[in-house]
Amino acid sequence: MSTTSWHARITCGNEVGGGFLVSERHVVTCAHVVAAAQHAPADTPLTVTFPDGPGLGPYAATVVAHGGWSGAVNDPGDLAVLALDRPAPIKPAEFAPPAAAYGTPAPKLLVHGFPLHYDEGKIAECRATADQLIAGEWVQLEAWGTYGQALAPGFSGAAVVRADTHQVVGMAVASDRDPRVRGGRMLPAAALPRYWPPLGDLIPTPRYEPEDKEQLRDLIARAEAAGAECRPDQLYRDAVDALGPPLPPLGFASLWEAAWYVLAEVRDPEAAARFAARLADFADGDPDARERLRRWPPSWARPVASGAAAGPATAHPRTHPRTHTVRAWQSVLVEIDHSGADQNRFNVSVSLCRDGERHPVGERALPRAEVRAYALERIGAAYRLIAPGADELIAFALPKKWINQPVHAWERSKDDPTPLGWFAPVVVMDLARRRDAMLQHRLHDSWRALDAQSGSVLHRVECGSDQEQVPLTQALRRRTALLGFAAPPKAPRAKQQLKAGLNAPVPVILWPYTGCKGGHDTAEACPGASFLDTLDGYLECRTPAELPYEIWQLRQDPEQEWARHLTLLWEDPRCFPDPAAAGFRRSPVG
């Protein structure tokens, strides 16, 4: 039997469409495919067959859940769940993570539908135009090629799957009326649980187990039954705070819809836990549900499995943050600063930082034209002190006027034009922040918060953003996030926003040093928005402490052009000796 035998053909009166098995007894399809059964169930037979499961025969079915579709083409909730008259001996469909339908390049998607005269079905190849939702509901599909089967009547309700994994990323709901357009729409997988909550248990969410989502659904139902008086929209705002994703245009029709949106669409790993904790404040009528909401999710407090290394149980990060092993970098630290009043001369200091000790390699005052050659020469000398097999890192501590210098793109030597950032992990730091003891203290706190997260949350600064420095600094201090700029922070407002991130202090700040020059109005089209989209998706499941190594690997990949032009400002004070302490070690008095 095929691994995709879960593809189903639905017939309801004169209507034919697709569907997909999600449990041994349940099939998901479009509400408009089975509309006749809803209106006259006794007179309209509803049958389900599995063309890739020979010998199973037809199944009688009944509609057991409905998304609320009202009958018009553009009405939301075009989903129905069918219950089969007997279990189907077929492995149900497997769902992909919510973002799996998108990427650069876009992955090929397949739809197994049943156009006229093809009872066994045909396959249409397509791609998602973008991850932007139309009317908060649909994703636009376009044909993969200029020929072959396109989306057409008979494909409604069919699963949209990735061609490489055959995992479900959505459900086809419409084809374009003009066949020359060769496109259509799908209801993305992340939207399906809005209309039938049990589907949320099947769709992977990076930080939450199926038991977490099942328990949250039950607790929400209990809170509602106990008379909890709270508005879904306000709970969402409380969960994501002022810097989180805005409320969807149509808001939320229920508490579960808001909760699922936080689970599947919001990248902040703590947002869903905050949602549950805030709901607990309104669950006075059910003390047990209130207490469980405050302790949710259960998987974050699961004890260590039998046979695992001895140690304490994994604690809830809101009370006892998880700890990550800090990579034992052996760092070549290059510090460049202005030399006295002469703005054309710079002090260049190169050291190797290892095991908490700083080993000077060279220091010299130079005119600007000679800085690069001297720094590269001394970096080469510092490599003689790096132990074989150690994790190497090259860190440039720069004055703010130099912070956008593409040091990772410097050619390694006269004989080797390879960019330095391809040869080794390269990061930049702000020299003034490195010397500020108060900000260094706060950076330690920021890294403890980042280590408690399973992924990275990105705060975006679009071109032309009007965020003011002081309010942005205060907002970033309340929320542990990475900071991403759509363009190099060269425009006056962007420079102030960069200072806000440095003073917050944000441990990781990223921007492209090529592309848009910044400074234009937010209404203008900007390639930086695409850069931030790619960066946001990449960071979602990455550990911030490992970013120097992972960005280094990306820069070596010829298909990851965006990473070659990426500036990574990354500062973990645990990886470098304290500047004041290092100075005393070299002092004849100390």
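The values are calculated or read from the model by the stated rules, or taken from the named source; none is laboratory data. Quick caveat: nothing in here was measured; it's all calculated off a predicted structure. Methodologically, a virtual Cβ is constructed for each residue, glycine included, from the backbone with ideal geometry; neighbour enumeration extends over all protein chains shown.
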task: Please determine, by comparing only the residues of the range 196-214 that are crowded, with 20+ Cβ neighbours inside 10 Å and at pLDDT 90 or above, which one is nearest to the chain's Cα centre (by Cα).
output: I203
statement: Picking from G55, G17, G13, the residue that is in contact (Cβ under 8 Å) with a residue 12 or more places away in the chain, at positive phi and of a type outside the set (S, T, Y) would be G13
- prompt: Taking the range 263-311, which residues are surrounded by fewer than 17 Cβ atoms within 10 Å (Cβ to Cβ), part of a loop (DSSP other than H, G, I, E, B) and modelled with pLDDT under 80?
  reply: R302, P303, V304, A305, S306, G307, A308, A309, A310, G311
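Test G136 against the criterion of being modelled with pLDDT of 90 or more and of a type in the set (G, A, S), and give yes or no. Talk me through it step by step, then tell me what you get.
On the way: modelled with pLDDT of 90 or more: no; of a type in the set (G, A, S): yes.
Judged against the criteria, G136 is not a match.
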- request: From the list G148, G157, G184, G136, pick out the single residue that is in a loop (DSSP other than H, G, I, E, B), surrounded by 21 or more Cβ atoms within 10 Å (Cβ to Cβ) and not hydrophobic (A, V, I, L, M, F, W, C).
  value: G157
task: Being part of a strand (DSSP E or B) and either at pLDDT 95 or above or within 23 Å of P198 (Cα to Cα) (or both) narrows it down to one of A88, A83, A31, so name that one.
output: A83
- request: Can you confirm whether the range 453-463 contains a residue that is out of contact with any helix residue (DSSP H, G or I) (no Cβ under 7 Å at 6 or more places or on another chain), modelled with pLDDT of 95 or more and of a type in the set (G, A, S)?
  value: no
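Identify, from the list G389, G421, G464, the residue that is part of a helix (DSSP H, G or I) and either on the phi > 0 side of the Ramachandran plot or touching a residue at least 40 places away in the same chain (Cβ under 8 Å) (or both).
Working: G389 fails: part of a helix (DSSP H, G or I); G464 fails: part of a helix (DSSP H, G or I).
After applying the criteria, what remains is G421.
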task: Looking at (1) modelled with pLDDT of 90 or more; (2) under 22 Å from K401 (Cβ atoms), find the lone condition where A491 falls short.
output: (1)
query: Pick from R412, R354: which is closer than 28 Å to P488 by Cβ and either modelled with pLDDT under 90 or within 39 Å of the chain's Cα centre (by Cα) (or both)?
result: R412
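Return the only residue of A60, A35, A72 being crowded, with 19+ Cβ neighbours inside 10 Å, assigned by TED's automatic domain parsing to the domain that holds L192 and among the aliphatic types (A, V, I, L, M). Walk me through it before giving the result.
Values: A60 fails: crowded, with 19+ Cβ neighbours inside 10 Å; A72 fails: crowded, with 19+ Cβ neighbours inside 10 Å.
From the options A60, A35, A72, the qualifying one is A35.
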- prompt: Within the range 200-211, can one find any residue that is under 12 Å from W256 (Cβ atoms), out of contact with any Ser or Thr (no Cβ under 7 Å at 6 or more places or on another chain) and not small (G, A, S)?
  reply: no
- prompt: Is it the case that G157 is at positive phi and at pLDDT below 95?
  reply: no
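Only one residue in V173, V181, V160, V169 is touching a strand residue (DSSP E or B) at 6+ places or on another chain (Cβ under 9 Å), more than 26 Å from W6 (Cα to Cα), of a type outside the set (S, T, Y) and in the same structural domain as H7 (by TED's automatic domain parsing), so which one is that? Talk me through it step by step, then tell me what you get.
Working: V173 fails: more than 26 Å from W6 (Cα to Cα); V160 fails: more than 26 Å from W6 (Cα to Cα); V169 fails: more than 26 Å from W6 (Cα to Cα).
It is V181.
Of all residues being touching a residue at least 60 places away in the same chain (Cβ under 8 Å) and not in a helix (DSSP H, G or I) in the range 467-492, which is surrounded by the fewest Cβ atoms within 10 Å (Cβ to Cβ)? Just the residue, please. Give the steps one after another, and end with the answer.
Quick first cut of the range 467-492, residues touching a residue at least 60 places away in the same chain (Cβ under 8 Å) only: 475-476, 478-479, 481-482, 488-490.
Imposing the further condition that a residue be not in a helix (DSSP H, G or I) reduces the set to 478-479, 481-482, 488-490.
Details: R478: 11, R479: 18, A481: 27, L482: 24, P488: 23, P489: 24, K490: 15.
In this case the residue turns out to be R478.
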